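The values are calculated or read from the model by the stated rules, or taken from the named source; none is laboratory data. Worth saying up front: this structure is predicted, and the values here are computed from it rather than measured. Counting neighbours? That spans all protein chains shown, and the Cβs are built from the backbone with ideal geometry, glycine included. Calculation scope for accessible area: heavy atoms of the full protein, side chains included, ligands and nucleic acids excluded. Shrake-Rupley method; radii C 1.70, N 1.55, O 1.52, S 1.80 Å.
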Amino acid sequence: MTELPSTAKAVIIGGGIIGCSTAYHLAKLGLTDTVLLERKKLTSGTTFHAAGLVGQLRSNANITQLLGYSVDLYNKIEEETGLGTGWKMNGGLRLACNEERWTEVKRQATTAHSFGLEMELLTPKEAQGLWPLMDISDVVGAAFMPTDGQANPSDITQALAKGARMAGAKIFEDTKVTDIEIDNGKIKAVITDRGRIECEKVICCAGQWTRMFAGRFGVNVPLVSMEHQYMVTEAFEGVPSNLPTLRDPDRLTYYKEEVGGLVMGGYEPNPIPWANDGIPQGFHYTLLDSNFEHFEPLMELALGRVPALEHAGIKTLTNGPESFTPDGNFIIGEAPELANFFVGAGFNAFGIAAGGGAGMALAEWVHKGEPPFDLWSADIRRFGRPHFDTDWVRTRTVEAYGKHYTMAWPYEEHDSGRPCRKSPLYDVLREQGACFGEKLGWERPNWYADASSGEVPKDEYGFGRQNWFDAVGREHKAAREAAVLFDQTSFAKFTLKGPDALKAMNWICANNVDRPVGALIYTQMLNDKGGIECDLTVGRVKHDEFYIVTGTGFATHNFDWIRRNIPEGLNCQLFDITSSNAVLSLMGPEARNILTKVTRDDVTNEGFKFGTLRTIGIAGCPVQALRVTYVGELGWELHLPVEYAQTVYAALTEAGRDHGLINAGYRAIETLRLEKGYRAWGAEIGPDHTSFESGLGWAVKLKQNIDFNGRAAAEAQQANGVKKLLAGFTVDPDIVLLGRETIYRNGKRVGWLTSGGYGHTVEKSIGYGYVRNPDGVDADYVLSGDYELEVATERVKAEVHMRPLYDPKMERVKA
Ligand SMILES: NCCCC(=O)O
C-alpha cells in the first residue's frame, strides 16, 4: 500500500462523486497537493446505488448553470480519461397531467429559456413519439429538454477519480479519517487510521456521514438519511437505448433506460428516514432490505403510465439510503463555524446531476476563498438555529422529500416543524387573523384574514391571483393612506462594539458609517468583485458601537461575512442579539400622529429626521426607534426588548384606533417595496450583482478617501460602465408575474425577472430584472428599447422603468 503523505494543502474526505469531482477540479486548478481519503472503496457509500439521471433545470439560474456544467464535463470526461461513463445525452421529458401542472411546466419552459436552455413544449402525442411505451390518456402536455441525460454513477465517478490522479491529486482508499486536529480554531491536520496528514484545508464530502462527522468539530450540516427505492427491470421490448429520461411528477415517478430495461423510482409522500441514531458501522456497498409494500403505491402509479411494466421481469428493487436536506437543495461552502472546513453534501438524490458542477464550485471556493458565482440557495450559511436540532431537521426533510415532485406552488410555505420560533406577539396576532409564513424557523404574519367578511387565514395556492390578494390589497392601501403595523421581530440584529468598531465597519461597509452618533445608514458590504454580499441598515448607537439590522434569512451568512472581514488585530466584538429585541414597524402617513400619542419624545420631522435613530419611551419601554422604511412611507422601526412587545403593541394599536391603523404582513411589504423599487437581497441583489449594476452606486463612498472592501472593483466599474443594469417592468394587471419570466428587448432575449408581483397602488403587475448587453448598458440604452416579457411561454408587451413607480422623489418617506 502506498504511504500516506505527511502533508497536503487540502484533504478531501469521501470518495463519492462529489469528493472525486472536487479532487479533479482542485488538481486542474493547480492544487496538485490535494489528497482524497476514502474509508473503504470509491463510490461505496451512496454513489454506487444512485439512479444516475442528469436533469439540469432548477428555479435558480446559477444552480441550473452548475448542472449545465456537469453536462459539459460528462460530455468530455470519457475521452479525457479513456474510461467509459455510461453518459448519454438522451434528453429529458417531463409530463403534465392537469392544467395546473401544465401551467407549471410552461413556466418552467420559460425559466429554461431565461437561463439559455432549450426546452420544447410537446403535445401528448409528440411526447409519446419520444417515449412510445407510455400511456398518454391523462397527459395534457410535456416538455422536452434535449441536453439532459443519464450516466452510470460508479463509472463516471471512477472517470473523475482517474482524471484527478492524471492531474496530480492523490487518492487513498481503505483510509479512515478518525479525527481532525484543530489548534486555536485553526485546522492543523487530519488523523487517519494510517497516519497523520498535516493540512490547511479539509473538504468534507462524506455523504450521509457528513452530519455526524462535521458535528464533532462544531460544524452543523443539516441533512438526514432517507430510504430511496427504485426498481430495475429485465430488458424488454420497446426500450431503446436512446430513450429519454422521463419524469412524471403527477405520478411521483421517474424513469431511465438501463441495459434494455427500465429503472423506475419515485418520491413517495410518506418517506422513511433511516439511521436516526447513527449509521451502522461497516456500512459500505450496503443496501437496505427492499420494501415492496412501501413501493407498491408508486408501482401502481407507474403501471398506469407504462402498462408494459406489468409483464417486465423485475431484477431488483434497490433500497439505498441517501442524504436529503430540509429545503431540497444541497449544501456547499465553507462552514461558518470553522475556517477552512468545507462541505459538499446533502444532494437529495441529484448528486450525479450536480456532481460535476458542485465539484467545480467547491474546488474554486477552496482555492480562491469564494465560489465561482452566487450559490446562495445551496450555501451552508442559509441555515440557522432550528437546523441544529436533528429531530426538527428530520421532520422538515421528510416534508421536503415528499414534495420533491409535487407542485412547486408560488409562495408555498412549509407545513412541518411549526410553530418553532415565535415572536412574543404570535398569539395576539393569530387571534387577529394572521396567516403565518415561516423563515429560518420564525413564524411571521404574511397577511391577515378579515373574519367578519368570511376570510380564513389559510393560503390557497395557485398560479393565478391567490386567495390573499384582497387582504394584501387592503393592507397595502392602509400603508399608503393611513398606517400599518408589521411584526418584524425575526429581523437578524447584531451589535459591533469596541474601540475599533468604526474602523472595522468602515472597511467592511461600502457606505460611509463614520457619521454622528444617532445616524442610520443604508449600506452594502461588497466582495472583491464588487458584488453585494450583504445589504443592511447600520445605526451608530455610540461612538464605539453599531446596531446592525438585516433580513431574517441572512442571519448566519451576514454574521459570518462581518466576522470574517473584520481586519485582523482590530479590537471590536460582534454579537448576535436577534433574540433580545422584538421589532414593530409602524408605517404610513399617520405613523407620526400615532407615535405622538404614545411618546413624549420629539418625533417631528425636524426633531427626528429620516435616516436617524434614537431611544424613545413608549409605555414604560425604552424603544430604539429607527426612522427608515422598506415600503416607501413615513415610518419607524421600533426595536424593543422582547418582554415589552405586548405592552408596546397594545399602546400603539390603541393610539392608532382613530387613525386607520391595521396589522399588515410580509406579503404587503413585498407589493409595497416592488412599487417603490427597493431591492431584495437574493433576488435583485446578491454576490453576482454590483452596486452600479443594481442602481445602488449612490450608497458607495467612492467620493471619500476611505478604503473599503470591494473599492477597487467598484471604482473600475464606475469608470468602465456596466454590462447589465437593473430595470423595472410593468405589464397588464391580469398577467401574473412571479419572477424568472424572460425579458426581451427589441425581440432579443436580454435577461429574466428577479422578482415579480402586483402593485395595488399603481394597479399593474410589476417585475424587476437585469437588461444585459455585452457592449455595455446605461439607463438611456435600457429606456430606448421595446420590451416584451415571456410569461409561461407567451410574450406580452411590457413598459420599462428606471425610476421608482411610486414616490420617486422620496417626498412621502421624508415627510
Ligand atoms: N435520483 C433520482 C433523480 C430523479 C430526478 O432527477 O428527478
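Would you confirm, using the coordinates I've provided, whether A96 is surrounded by 23 or more Cβ atoms within 10 Å (Cβ to Cβ) and either at positive phi or in contact with a His (Cβ under 9 Å, 6 or more places away or on another chain) (or both)? So A96 fails the test.
Only one of the numbered conditions (1) open to solvent by 10 Å² or more (accessible area, probe 1.4 Å); (2) touching a strand residue (DSSP E or B) at 6+ places or on another chain (Cβ under 9 Å) is violated by W636, and that is (1). The set of residues in the range 39-48 being within 14 Å of the ligand (Cβ to nearest atom) and surrounded by 21 or more Cβ atoms within 10 Å (Cβ to Cβ) consists of T46, T47. Output the number of residues of the range 318-334 satisfying the condition of being among the small types (G, A, S), within 13 Å of the ligand (Cβ to nearest atom) and closer than 23 Å to G384 by Cα. Summing the residues that are among the small types (G, A, S), within 13 Å of the ligand (Cβ to nearest atom) and closer than 23 Å to G384 by Cα in the range 318-334 gives 2. Every listed requirement among (1) assigned to a loop (DSSP other than H, G, I, E, B); (2) under 26 Å from E633 (Cβ atoms) is met by A479 save one, (1).
The residue that is nearest to I332 (Cα to Cα), counting only those in the range 188-205 that are open to solvent by 20 Å² or more (accessible area, probe 1.4 Å) and touching a residue at least 40 places away in the same chain (Cβ under 8 Å), is K201. Residue check: is E606 open to solvent by 20 Å² or more (accessible area, probe 1.4 Å) and acidic (D, E)? Considered against the rule, which asks whether it is open to solvent by 20 Å² or more (accessible area, probe 1.4 Å) and acidic (D, E), E606 comes out as yes.
For the range 271-281, indicate whether the set of residues that are outside any loop (DSSP other than H, G, I, E, B), over 26 Å from the mean Cα position of the chain (by Cα) and assigned by TED's automatic domain parsing to the domain that holds P146 is non-empty. Within the range 271-281, none of the residues are outside any loop (DSSP other than H, G, I, E, B), over 26 Å from the mean Cα position of the chain (by Cα) and assigned by TED's automatic domain parsing to the domain that holds P146. A single entry from T495, T489 fulfils the requirement of being in contact (Cβ under 8 Å) with a residue 24 or more places away in the chain, closer than 30 Å to K701 by Cα and open to solvent by less than 40 Å² (accessible area, probe 1.4 Å): T495.
Counting just the residues of the range 645-669 that are crowded, with 19+ Cβ neighbours inside 10 Å and more than 35 Å from the chain's Cα centre (by Cα), which one comes out nearest to E590 (Cα to Cα)? Looking at the filtered set, the residue picked out is G656.
Candidates in the range 49-58 are the residues that are farther than 27 Å from S114 by Cβ and open to solvent by 10 Å² or more (accessible area, probe 1.4 Å); of these, the one that is farthest from the ligand (Cβ to nearest atom) is A50. Taken over the range 23-56, the residue count meeting the criterion of being polar (S, T, N, Q), farther than 30 Å from F144 by Cα and outside any loop (DSSP other than H, G, I, E, B) is 1. The residues of the range 577-590 that are at negative phi and out of contact with any Ser or Thr (no Cβ under 9 Å at 6 or more places or on another chain), listed by number, are S579, S580, L586, P589, E590. Name the residues in the range 210-250 that are over 23 Å from the mean Cα position of the chain (by Cα), more than 16 Å from the ligand (Cβ to nearest atom) and assigned to a helix (DSSP H, G or I), would you? Within the range 210-250, M212, F213 qualify.
Would the range 71-80 turn up any residue that is open to solvent by less than 20 Å² (accessible area, probe 1.4 Å), in a strand (DSSP E or B) and within 16 Å of the ligand (Cβ to nearest atom)? Looking for residues that are open to solvent by less than 20 Å² (accessible area, probe 1.4 Å), in a strand (DSSP E or B) and within 16 Å of the ligand (Cβ to nearest atom), one finds none in the range 71-80, hence no. Residue pairs whose Cβ atoms lie under 7 Å apart, sitting 6 or more positions apart in sequence or on different chains, and linking a residue in the range 118-134 that is of a type in the set (V, I, T) to a partner that is part of a strand (DSSP E or B), are T123/G141. Of all residues in the range 148-176, those satisfying the criterion of being within 25 Å of L243 (Cβ to Cβ) and either open to solvent by less than 50 Å² (accessible area, probe 1.4 Å) or modelled with pLDDT under 95 (or both) are D148, G149, Q150, A151, P153, S154, I156, T157, A159. Checking each residue in the range 335-377 for being part of a helix (DSSP H, G or I) and within 16 Å of the ligand (Cβ to nearest atom) picks out G351, I352, A353, A354, G355, G356, G357, A358.
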